[in-house]
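Below you'll find the structure, written out as structure tokens, and then a few comments.
Coordinate-derived values only; no laboratory data. Here the structure is a predicted model, which means the values were calculated and not measured. Cβ atoms come from the backbone with ideal geometry, glycine included; neighbour counts cover every protein chain shown.
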């Protein structure tokens, strides 16, 4: 599961891009000349509609007091903003009150009048603009004009080019600032509530020392190290050996690893031959990382009751102490009713064949 605070940071970055796109669109104002109507992306529109529905349904469930998947909500908000931003950059190309929209069939770029140095007709219906780009570098862009006669376009361009932005948009500046401020406030309120919803699901990683991790691993696998196959006559006998250090699901997995279920029957358990379960007692492995995933806000966590989880990552080592990339192991622990750590599952290296 991706960290919730990472999702929130991604969403805030996406909001900044969306806010900037909205600022440009509002600043541009109405189109005076539309030169090319761009097709709205069916893909982004469909994805936008889908995530509005999914996110809206999840938020509605939350308001009703039902349990929700917070990642679904955060992913939904992310995709809504990404799709909205992509739809905004696909606006019609042309000349507006605030500048020009130029570009190609996939995107458009807005340039204020104050950043346009000059223009020239390069064909009967195509204009080349000389723009000031980043760091005042001069760049060229082209725009097709089909609706208006040359004389009208020349008159319009000569009226706006080289004028300061304040001169053109003086009457609209206040409206622009108010609009953007209102949108920013709405976004901020939305994030305050989103963080409030997310807090019960937030977790933190509490680092464990190598000695602590080793002690836990030794306790977990000591019953296997002292294991006597002759004493195991039934599945019940098997479970009694590991019930203090493993969960029911882990005991089931270990049983499948060690026991030849096809040859076994109750009262006559047959163990697989030449098979070793790599543990801290019989395999050279180093502790790469050990940490506890615990609720970040314990008071808030009472709402959803996320359990603590201990994770130990191990890496196999050769006799020369070189790391073995194919011998990775990750152990997941939960707490039993007594508050003690017990092994719940393992990923990676689970068994090896003995010589």
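Given Cα pairs under 8 Å that are at least 6 residues apart, what percent is the relative contact order of the stretch 1-157? Before the final figure, lay out each step's value.
On the way: 219 pairs, mean separation 37.5, N = 157.
It rounds to 24 percent for the stretch 1-157.
Working from label points 7 Å from Cα in the Cα-to-Cβ sense, the residue 154 to residue 271 distance is 9.8 nm. The residue 351 and residue 234 beta-carbon pair, evaluated with R₀ = 22 Å, returns a calculated FRET efficiency of approximately 0.50.
In this simple spin-label approximation, residue 257 and residue 218 carry label points 7 Å from Cα along the Cα→Cβ vector, and these lie 2.0 nm apart.
From largest to smallest, what semi-axes in whole angstrom does the stretch 203-353 give when each is the square root of 5 times an eigenvalue of its alpha carbon gyration tensor? Mind showing how you got there, number by number?
On the way: eigenvalues 165, 94, 28 Å².
That gives 29, 22, 12 Å for the three semi-axes.
Taking the Cα atoms only, what angle lies between the long axis of helix 210-225 and the longest principal axis of the chain, rounded to 10 degrees? The helix 210-225 is inclined about 50 degrees to the chain.
Our note on the geometry: Cα centres of the stretch 54-85 and the stretch 176-212, 14 Å apart.
Under the 0.36 nm per residue contour assumption, what length would be gained going from the current alpha-carbon distance of residue 61 and residue 307 to full extension?
Numbers: separation 246, 0.36 × 246 = 88.56 nm, distance 2.24 nm.
Length difference between fully extended and current span is 86.3 nm.
Write down the Å³ per residue value for the convex hull defined by the alpha carbon atoms of the stretch 1-142. Before the final figure, lay out the partial values.
Values: hull volume 18.9 nm³, N = 142.
Measuring per residue, one finds 133 Å³ for the Cα hull of the stretch 1-142.
Counting only alpha carbon atoms, the long axis of helix 248-258 and the longest principal axis of the chain meet at about 70°.
With the gyration tensor restricted to C-alpha atoms of the stretch 1-80, the semi-axes of the equivalent ellipsoid amount to 31, 16, 12 Å, longest first.
Taking each DSSP H run with n ≥ 4 as -39500 (n - 2.57) and averaging over every residue of the chain yields -13500 deg cm²/dmol at 222 nm. Let's test the formula: R0 of 30 Å, r as the Cβ-Cβ distance of residue 144 and residue 177. What FRET efficiency results, to the nearest 0.05? That pair, residue 144 with residue 177, gives E of 0.35. For residue 330 and residue 132, the FRET efficiency from 1/(1 + (r/R0)^6), where r spans their Cβ atoms and R0 equals 41 Å, is about 0.15. With a simple spin-label model that places each label point 7 Å from the Cα along the Cα-to-Cβ direction, the separation between residue 6 and residue 118 comes to 5.2 nm.
Work out the P(r) tail for the chain: percent of alpha carbon pairs separated by more than 38 Å, whole number.
Working: 30766 of 62835 pairs.
More than 38 Å apart: 49 percent of the Cα pairs in the chain.
Among 230, 244, 320, the largest mean-square fluctuation in a Gaussian network model of the chain, built with springs joining Cα atoms closer than 10 Å, belongs to 320.
In what sequence do 226, 205 fall when counting other Cβ within 10 Å, fewest first? Please report the intermediate quantities before stating the final value.
Details: 226 9, 205 13.
In increasing order of surrounding Cβ atoms, one gets 226, 205.
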